[in-house]
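Inspection log for the structure reproduced underneath, given as structure tokens.
The values are calculated or read from the model by the stated rules, or taken from the named source; none is laboratory data. These figures come from a predicted structure and were not determined experimentally. Don't worry about glycine lacking a Cβ; one is built from the backbone with ideal geometry, like all the others, and counts go over all protein chains shown. All accessible areas refer to the heavy atoms of the entire protein, side chains included, with ligands and DNA or RNA removed. Shrake-Rupley method; radii C 1.70, N 1.55, O 1.52, S 1.80 Å.
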There are 4 protein chains.
Amino acid sequence: MDDGNDRITRKLQQLAAAAESTFWGYLGCEFVSMEGNIITIALDAKPHHLNPIGMVHGGVTSSLLDTAMGIIAMIARPEEKVVTTNLSVHFVSPLYEGRLFVTAELVHQSRKMITAQARVVDSEGNLGTMGTGSFRVI
Amino acid sequence: MDDGNDRITRKLQQLAAAAESTFWGYLGCEFVSMEGNIITIALDAKPHHLNPIGMVHGGVTSSLLDTAMGIIAMIARPEEKVVTTNLSVHFVSPLYEGRLFVTAELVHQSRKMITAQARVVDSEGNLGTMGTGSFRVI
Amino acid sequence: MDDGNDRITRKLQQLAAAAESTFWGYLGCEFVSMEGNIITIALDAKPHHLNPIGMVHGGVTSSLLDTAMGIIAMIARPEEKVVTTNLSVHFVSPLYEGRLFVTAELVHQSRKMITAQARVVDSEGNLGTMGTGSFRVI
Amino acid sequence: MDDGNDRITRKLQQLAAAAESTFWGYLGCEFVSMEGNIITIALDAKPHHLNPIGMVHGGVTSSLLDTAMGIIAMIARPEEKVVTTNLSVHFVSPLYEGRLFVTAELVHQSRKMITAQARVVDSEGNLGTMGTGSFRVI
């Protein structure tokens, strides 16, 4: 990354604002920070994010992982378009209503592929879901 | 399954109605049918299901896969509680606004683990996303 | 596939013979058949294929899945080079010494990506391992 | 872990010796070290570890990941039996003949599930394959 962190942060704030009408906004994602190559996104898990047995729906945490890793891939290739090709998710512990945080970071990039990893934790830092993703530069 | 298909279908319709206030309803899932051990769910993909580049968000199709396979796991073990432990998703082709269908079926079950597979297609039957899931009986 | 099944079968027999000095031969893979777009490979699981608790090592069945799906990808693109980018494996039931069969088939192909699925069963047809793979055309 | 590192290291050396006649030894795995909860295993990749296009076979690196993570799971539950249930592998860059190192570490453990992650690098530290695994305590 040639840009300074501030410039990336401003760019991400703009992207988040522009994404309010997409699934990003509908799900309730909030951009928190981009520090030292680690992005953090937050979501207030409410009743409509839960499954019928009262835990945060696996689709919600999968969406958070995909979203956060997708931004990492996008930052890695600001001039190109990237799409997720693979997402692998481990649900290690149930998450409940309340504030969730997802952090993502780059694992590897080659000319055509980007690999990232991410984790969703609750407000006390307990790991709920972790995953890895592959992105293709198109 | 000892029960007739009709009984399962009625049970699923009741479950879908009860899940309207959960992520199932918020995402916009509709129960379509349960035939020959294959469940079908539909979703009308609208602008709020898309990512910023106009394709259905990977989190949406991942949610559909997890949801449909979760129901398969639940049907396999009607008297027990099942939770997703692993979800693996292949995004093979972009999906756009319009009606999506996800079908899921059982691959294997043992005393404590259930494995399922599922596919998301568009209204013309084009495969967009496929995945597999592991569920733990708790 | 423009070629007839016989021509593909002969080609696969040649490839298998040429691969005897590679990991294919070291592991003990045998080409069985290519019928109706489904490839079948066999392996006689012996003590050196087991883990310390007497079950076929997960690396062995993962290798069988990767190998069989890789051939499916290669057949889909006979004039190009394909490499595995992602492999997702579900170990659903233990496998033991004896003859194993792995079948693989194409799930989807686009210009640059191929997706396949495969299963490893024992001689009685019990499913032991199933998986999916992504391959990149380079 | 209540035990000191030395005790674990001696235990792992004994296990490695006992595993010489299993797939561990047949593949050519060598126990290198257990330091700060990270295990390192090495393998000299030779012609019989390659695929027909001269790269280390994906089954070999998958086997290394599964093996190293399996030991991490075993160390986490020394009194219980653990089996791999899921393995997810990202092949990010080709690996060739020469010395490979795989490192693995614990991501999370609950009463019945253990999650780990691992990486395979070449002798210059270049990442070739990374993966995550789920293990069930039985």
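Key figures for this structure:
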{"item": "Residue-normalised accessible area of the stretch D:1-119, given per residue in Å² at a 1.4 Å probe", "result": "43"}
{"item": "Size of the D/C contact, given as accessible area buried on both chains, probe 1.4 Å, in Å²", "result": "2500"}
{"item": "Separation between Cα centres of the stretch C:49-107 and the stretch D:1-55, rounded to whole Å", "result": "22"}
{"item": "Per-copy distances of the residue C:32 label point, shortest first, in nm (7 angstrom along Cα→Cβ)", "result": "3.3, 3.8, 5.0"}
{"item": "The protein assembly as shown, dipole about Cα centre (Lys/Arg Cβ +1, Asp/Glu Cβ -1), debye to the nearest 20", "result": "0"}
{"item": "Net charge over other residues, Cβ less than 13 angstrom from the Cβ of residue A:56 (K, R count +1; D, E count -1)", "result": "-2"}
{"item": "Estimated FRET transfer efficiency (residue C:15, residue B:30; beta-carbon r; R0 45 Å; 0.05)", "result": "0.45"}
{"item": "Angle in degrees between helix C:5-18 and the longest Cα principal axis of chain C, rounded to the nearest 10", "result": "60"}
{"item": "Label geometry 7 Å along the beta-carbon vector: residue D:44 inter-copy distances in nm", "result": "2.9, 6.2, 6.7"}
{"item": "Exercise: per-residue mean of other protein chain Cβ atoms within 10 Å, A:90-99", "result": "5"}
{"item": "Chain C, closest residue to the rotation axis toward D, by beta-carbon, whole angstrom", "result": "C:62, 2"}
{"item": "Hull-based mean projected area of the protein assembly as shown, where the convex hull spans the alpha carbons, in square nanometres", "result": "24.6"}
{"item": "Inter-copy spacing of residue C:105 label points, which lie 7 Å from Cα along Cα→Cβ, given in nm from shortest upward", "result": "0.9, 4.2, 4.3"}
{"item": "Shielded residues, the stretch B:105-122 - accessible-area loss of 30 Å² or more between chain alone and all protein chains, probe 1.4 Å", "result": "B:107, B:108, B:113, B:115, B:117, B:119"}
{"item": "1.4 Å probe, heavy atoms, protein only - residues of the stretch D:11-31 losing at least 20 Å² accessible area vs chain alone", "result": "D:21, D:22, D:23, D:26"}
{"item": "Relative pair counts by distance (%), Cα atoms of the stretch D:5-138, 5 Å bins", "result": "2, 11, 21, 23, 21, 13, 6, 2, 0"}
{"item": "Cross-link pairs beyond the 29 Å C-alpha cut-off, checked among B:11/D:81; C:81/D:46; A:46/D:81; B:46/C:81", "result": "B:11/D:81; A:46/D:81; B:46/C:81"}
{"item": "Fraction of accessible area attributable to carbon and sulfur, the stretch A:4-137 (%, probe 1.4 Å)", "result": "49"}
